[in-house]
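Following: one structure in structure tokens, then a few remarks.
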Amino acid sequence: MRIPLPLVAAFVGLVVSVSGCGGTYEPEQAPVTESAPADEQLPEGSVTQQAICSMLWTCNYSQWYGSEANCTAACGRPCTRDYRCNGTCVCP
């Protein structure tokens, strides 16, 4: 005796729906973090890390360009590639 395919599909669907594809929703809770002691806390808005300055093209260290071609076209002379150190990043 053979079991009809639609009956097997219905049985498998029922097993899958009951086994784990349902259930209750439990919202994920945020992890608890410990705060630093008051004497180690930084004031609001202070910067704790700075990024490394980007390397860009310049001819006068006041105007910066993303490519050598743009720099040369704007300056009319050869450009150099250097870190754009402006105080908001760390220069290597």
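Derivation of every value follows stated rules applied to the coordinates shown; laboratory data play no part. Predicted model only: the values in this text are computed from it and were never measured. Backbone-built Cβ (ideal geometry, glycine too); neighbour counts: all protein chains shown.
I need to check one value: relative contact order of segment 51-91, counting alpha carbon pairs closer than 8 Å and at least 6 residues apart, in percent. Working shown, then result.
On the way: 62 pairs, mean separation 19.7, N = 41.
Relative contact order of segment 51-91: 48 percent.
Counting Lys and Arg as +1 and Asp and Glu as -1, what is the net charge of the other residues whose Cβ lies under 12 Å from the Cβ of residue 59?
In short, 0.
How do the peptides 52-65, 79-92 rank, highest first, by the average count of neighbouring beta carbon atoms within 10 Å per residue?
Going by the mean number of other Cβ atoms within 10 Å, highest first, we get 52-65, 79-92.
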